[in-house]
Amino acid sequence: MILSIWLASFMAMALPACQVLTPANVQVVVGAPVTIDASQSGPGDDAGSDFCAWKTPAGRFIILGVYSNASIAAARAKYAAQLVGAFGGGPAARAIANVGDEAQYRDYAGGQKGGVVVVRAGLFVVTLEGPMERAEILGLSNFVLARVGSH
């Protein structure tokens, strides 16, 4: 029993969000230099959550949240909670195929460039948002999933 709990915890560990994507990875996609905003980066309130925020010179943010979970049931519950947090009260998000086990995306409201995606892949839930085209956000999401899954 103790071994299975330890194994589940070990399998759910992820790289810190600021190591999953580097400033260079983000810069290529947003087309502008970025710096890490340490005040908005680091472990979250939930056990197993970590965030990284990159800022462009124009003051726009790219924010990555990585949530590791000990079970599929916990990951599904975290995914459902993140959907409400990311999309509650706004236009409906769209389901996205070929990104993780389940994913939803929505463009920012009000004509701002960018959007947000929430993805569940196995034990991991990832949120990613920023001033990027939909295809760029989804591409970065797949890159993030490959990085957290290989760790």
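Things to note:
- Residue-averaged 222 nm ellipticity for the chain, from DSSP H runs of 4+ at -39500 (n - 2.57), nearest 500: -11000 deg cm²/dmol
- Quotient of the Cα radius of gyration of the stretch 56-97 and 2.2 N^0.38 Å, N being its number of residues: 1.49.
- Alpha-carbon centroid distance for the pair the stretch 25-68 / the stretch 82-129, whole angstrom: 16 Å
- 1.4 Å probe accessible area per residue over the chain, in Å²: 51 Å²
- Proportion of all alpha-carbon pairs of the chain beyond 21 Å (%): 41 percent
- For the chain, the longest principal axis of the C-alpha atoms and the axis of helix 134-150 are separated by about 30°.
- Hydrodynamic radius of the stretch 110-151 per Kirkwood, over alpha carbon pairs, in Å: 10.8 Å
- For the stretch 84-143, chymotrypsin sites (Phe, Trp or Tyr not before Pro) meeting the loop criterion (DSSP other than H, G, I, E, B) and having at most 16 other Cβ atoms within 10 Å: Tyr108.
The values are calculated or read from the model by the stated rules, or taken from the named source; none is laboratory data. Treat the numbers as computed from the prediction; the structure is a model and nothing was measured. Cβ coordinates were reconstructed from backbone atoms using ideal geometry, including for glycine residues, and neighbour counts include every protein chain displayed. SASA here: full protein model, heavy atoms, side chains in, ligands and nucleic acids out. Shrake-Rupley method; radii C 1.70, N 1.55, O 1.52, S 1.80 Å.
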